[in-house]
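Quick notes on the structure that follows.
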Amino acid sequence: MGLEGNLKEFSLAEVLKLIEVSKKTGVLNIRRPGGEGQIYFREGKVYFARSDWNRTSLGVRLLRAKKISREQLETALDLQRKEGGKRRLGQILVEKNYIDRESLETFVQRQILDSVFDLFRWPEGDFIFEPGKVAEEEDIGISVSTDNLIMESARRLKEWERIRQKIPSLDMVFRMAEAPGEGEREILLKPKEWKLLRFVDGNRDVNTIIRALGISDFEACKIIYGLYSVGLLEIVEGPSN
């Protein structure tokens, strides 16, 4: 299937739907000045995607997210090499009980969504579909329907517009508020919020925090937006003029 063009002419949603309807296997490459991304399909469904925010391998992503330890990753990679690559890394990690199948699938599905959503925010970019090309190491046997990706990306886009009203730039710097919140309302923080707060020191900008945590800008800004909205954070430096 010859499929190429620019996102100015065809929306990413339209391109994804066309590939799904055609039930094609291959990769959709998207490039723009300073960035690129790939979405891999198996019979029209997405099983792997990556964009500029995260281009590392599955093993490294799991390590950074603290889903597995460095020792476990090295053991699994060593076993994979000894077997001549006959088994995928994800399969080895599950079989050695380093991570359970459900957690691995949830992690990969979220990574797919984060990457596709990142690409949905590109106003332009040249795309071309290469039939038959696969990403064997990243294929753990799951797939995500394009309808789910499109609907969730659309929902996130609306949320992203609201977040950007208070966090218009990743160069912004936040700190803990001197008098957090108002009234006697109790604020219960989730583990991911506590984790991010460790990096909010009045010196690190949002971009630095994102890199330190290894999460997407959407996830980081969503957490910061929530903490700022309830009065736990305040702005030290806004975007440069």
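Every number here is computed from the coordinates shown, using simple stated rules; none is lab data. The structure displayed is predicted, hence computed values, not measured ones. Cβ coordinates were reconstructed from backbone atoms using ideal geometry, including for glycine residues, and neighbour counts include every protein chain displayed.
Structural remarks
- Summary value for the chain: 24 percent relative contact order, contacts being C-alpha pairs under 8 angstrom separated by 6+ residues.
- Computed FRET value (nearest 0.05) for F10 with E237, which takes r as the C-beta separation and R₀ as 35 Å: 0.35
- Backbone N under 19 Å from the E71 label point (7 Å along Cα→Cβ), restricted to region 87-102: 93-100
- Only one residue of G37, P168, W122 has its Cα farthest out toward the positive end of the dipole of the chain, where Lys and Arg carry +1 and Asp and Glu -1 on Cβ, and that residue is G37.
- Neighbourhood charge, 12 Å Cβ-Cβ cut-off, centred on E4 and excluding it, Lys, Arg +1 and Asp, Glu -1: -2
- GNM flexibility winner over the chain from P131, P123, P191 (Cα, springs under 10 Å): P191
- Cβ-derived FRET efficiency at R0 22 Å, E219 paired with L189, nearest 0.05: 0.90
- Of K166, K158, K67, the one that fluctuates the most in a GNM where the chain has Cα springs shorter than 10 Å: K158
- Test item: Cα-centred dipole of region 136-239, Lys/Arg +1 and Asp/Glu -1 on Cβ, debye: 320
- Simple label model, 7 Å out from Cα along Cβ direction - Q165 to S229, nm: 1.0
- The fewest-to-most ranking of D171, D205 by surrounding Cβ atoms within 10 Å reads D171, D205.
- Counting charges near G125 (Lys, Arg +1; Asp, Glu -1) among other residues having Cβ under 13 Å from its Cβ returns a value of -3.
- Extending 7 Å from Cα along the Cβ direction at R175 and again at L157 yields two label points whose distance is 3.9 nm.
- Charge tally for I215 (other residues, Cβ to Cβ under 11 Å; Lys, Arg +1; Asp, Glu -1): +4.
- For region 209-216, 3J(HN,Hα) per residue [Karplus equation, 6.51 cos²θ - 1.76 cosθ + 1.60, θ = phi - 60°, Hz, x = Gly/Pro]: 5, 4, 5, 5, 8, x, 10, 6
- Gaussian network model of the chain, Cα within-10 Å springs - most flexible of N148, N29, N207: N148
- Efficiency of FRET between N97 and N207 - r from beta-carbon atoms, R0 35 angstrom, step 0.05: 0.45
- Spatially close Lys pairs in region 4-160, defined by Cα atoms under 22 Å apart and a spacing of eight or more places or different chains, total 15.
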